[in-house]
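Asker: The structure is given below, and queries will be raised subsequently.
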Amino acid sequence: MSEVIVIQGNHTKDEPDIKRVSAYARVSSASDEQQYSFHNQVQHFTSLIQKTPEWEYVDIYADEGVTGTREDKRSEFNRMIRDAEDGLMDIIITKSVSRFGRNVSECLRTVKHLKDIGVTVIFEEEGLDSGKPADFTMISVKAAMAEQESISTAENGRMANRQRMKLGTYVQSNPPIGYTLNGTEFEVNEEQAEVIRRIFAEYLSGSGTSKIADGLMRDKIPNKYGMVHWTPQSVSYIINNPRYKGDALFQKSFKTGFPYKKKKNTGELPMYYAEDANIPIVSAEDFDKAAELMQTRREKHAKESSETTSIFAKKIYCRHCGSTYRHKNGTDTWACRTHDKGTDKCQANPISEEMLKKAFVQMYNKLKANYEHILLPFLTQVEAMRVNKAEQDKIADINMQIAQNTEQVLSLRRLKSQELIEPAFYIQELNRFDKQTMELRKKKNAILHNNRYDDIISKTRKIIREMESACAIGKFDAESFKTLVSRIEADNEIITFIVINGMGLEVSKKEVL
């Protein structure tokens, strides 16, 4: 039976114009006033959207405990923008301009981008609507005021800290693993100190940072926060931290520009080295030996990694046997790994890299010229197959539970800063809430992504946007390849480019010879 597409009739005059509405909530620190609390924002917006007849609830996007000055630090904010680009909403409501962002350029660019794709932003506290031209100007003024406030507060704090470093009175408020802060003094936490001694001993015995991290994970050794989570980077940080031999180095990094970016201090600002700043955990001799060993290993690794990896590495698969292709050293050729072991094992012939590049150029230009006939019908078909699971109520409930957990964590941090609770209890409760929140986020993600068509639709729209804005290419373009292609399948006649939405676009080898 052929598929029938039903076209809905026009709305009557009495039918309300339903708008799909989402909300964005954010708290940036434990000192936020009650009216800005994460829990209250989520609860308020959920209730507001569901009680407004002309609004249809989509989702609440909520970032907790993160800065508003950097978009790339706000995962929920970025997810909201992606969903808006995918056409999932008409309106975004947020508490205020300062909740949306304290960086003028990023804030206005985002609001304008949303406006261009048909999504308006309502700032509740200021009573501003980005869909109104007069309000858009006022949004820029409010964003500039919020940014200036953020700059002034941060700069005053940094200047005060630098002055304390010069005078030798600076106190690091967040001690590394192995220490606890008692007033202004670092005290050794013996249980954690044993972990530090183990790391130095294993490193000096020849183990690398990856092997040490794996061993700590295997033995279920908790880190500073009580979590069993270790990486080569966290082990490397410990080996390089002079705190463990009793000294301290301040201003190893600094924040620059706006939005603020953390930058390694390579001489731009003075560093302050304090000897005998705290009780050592390892001897100065062992610390210096470990530092020297790490420098030697880094130089060796840098030399071995100097050769760049090809863009086709781990991308080409043999259609005959399923093996990946490998680059043959000293040649311009890629060969099936199975075929390379013996021509009787696989019949796939090697492919030159030049042929792969020419085939991509041909595929890209064909797709550019015909995307309306290829991608738009495909998108329509997938959207027709997509089933709306109507899980908004479950998502709203999970958002509320996450918000409640976040409020509890913020309360714990306040109590800890006031020394009203024991460190052991603080870590225990923090781990409990972190675990609960992690499980809730998994449930939420499962609901959001339980339909495999969502990802296909999103990626198809991304390809369409690429084709709409791009021009035909005359030679291989690495960025376009990385944007579009997830893998390549090859046999002796056809090269198939599997693009990010799963479609396979074929190019005959004869066409590119």
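Asker: Counting only protein heavy atoms, what percent of the accessible surface of the range 174-248 is carbon or sulfur at a 1.4 Å probe?
Answerer: Values: 1870 of 3640 Å².
On the range 174-248, the fraction of accessible area on carbon and sulfur atoms equals 51 percent.
Asker: Still on this model: Rank-order 76-83, 369-376, 241-248 by packing density, defined as the average count of other C-beta atoms within 10 Å over each peptide's residues, highest first.
Answerer: Ranking the peptides 76-83, 369-376, 241-248 by packing returns 241-248, 76-83, 369-376.
Asker: Would you mind counting up the charge near K368? Only other residues with Cβ under 11 Å from its Cβ, with Lys and Arg at +1 and Asp and Glu at -1.
Answerer: Details: positive: K366; negative: E372, E466, E468.
In short, -2.
Asker: Can you give me the long-range amide H partners of I316? Hydrogens built in the peptide plane at 1.01 Å from N, cutoff under 5 Å, separation of 5 or more residues or another chain.
Answerer: Placed amide hydrogens put Y325, I488 under 5 Å from I316.
Asker: Going 7 Å from the Cα of I311 along its beta-carbon direction, which residues of the range 344-372 have the amide nitrogen within less than 17 Å of the resulting point?
Answerer: 352-368
Asker: Leaving out ligands, DNA and RNA, what percent of the accessible area of the range 364-513 is carbon and sulfur, probe 1.4 Å?
Answerer: Using a 1.4 Å probe with all protein chains present, the range 364-513 comes out at 50 percent carbon and sulfur.
Asker: How big is the accessible area of E202 in square angstrom, nearest 10, if you roll a 1.4 angstrom probe over the protein chains?
Answerer: 50 Å²
Asker: Another question, if that's okay. What spacing in nm lies between the two simple spin-label points modelled at R461 and T343, each 7 Å away from Cα in the Cβ direction?
Answerer: In this crude spin-label approximation the distance works out to 5.2 nm.
Asker: Can you give the extra length, in nm with one decimal, that the chain gains between A201 and T52 once fully stretched, where that is 0.36 nm per residue apart less the Cα-Cα distance?
Answerer: 47.3 nm is the gain from fully extending A201 to T52.
Asker: Simple spin-label model, 7 Å along Cα-to-Cβ: D219 to Y237 in nm?
Answerer: Simple spin-label model gives 2.1 nm for this pair.
Asker: Okay, moving on. For the range 394-513, what does the accessible surface come to per residue with a 1.4 Å probe? Please give it in Å².
Answerer: 56 Å²
Asker: I would also like to ask the following. How many Å² of accessible area per residue for the range 308-350, probe 1.4 Å?
Answerer: 62 Å²
Asker: How large is the Rg to Rh ratio of the range 445-513 when both quantities use alpha carbon positions and Rh follows Kirkwood?
Answerer: Rounded to two decimals, Rg over Rh is 1.05.
Asker: Say the cut-off is 28 Å between C-alpha atoms; which of K95/K443; K211/K435; K115/K442; K366/K482; K315/K358 go over it?
Answerer: Among K95/K443; K211/K435; K115/K442; K366/K482; K315/K358, the Cα-Cα distance tops 28 Å for K115/K442.
Asker: In addition: Applying the Karplus parametrisation 6.51 cos²θ - 1.76 cosθ + 1.60 with θ = phi - 60° to the phi angles of the range 230-246, what ³J(HN,Hα) value in whole Hz is obtained for each residue in order, glycine and proline being reported as x?
Answerer: For the range 230-246, the Karplus curve yields 9, 10, x, 5, 5, 5, 4, 4, 5, 5, 9, 8, x, 3, 6, 9, x Hz.
Asker: Turning to a different aspect of this structure: Sorted by accessible area (1.4 Å probe), largest first, how do M217, M294 line up?
Answerer: M217, M294
Asker: Across the range 454-459, in residue order, what do the Karplus-derived ³J(HN,Hα) couplings come to in whole Hz, using 6.51 cos²θ - 1.76 cosθ + 1.60 with θ = phi - 60° and x for Gly and Pro?
Answerer: Result, ordered by residue: 4, 5, 5, 4, 4, 6 Hz.
The values are calculated or read from the model by the stated rules, or taken from the named source; none is laboratory data. Keep in mind it's a predicted model, so treat the numbers as computed, not measured. So basically every Cβ, Gly included, is an ideal-geometry build from the backbone, and we count neighbours across all protein chains shown. The protein model used for the area step is the full one, side chains on, heavy atoms only, and it has no ligands, DNA or RNA in it. Shrake-Rupley method; radii C 1.70, N 1.55, O 1.52, S 1.80 Å.
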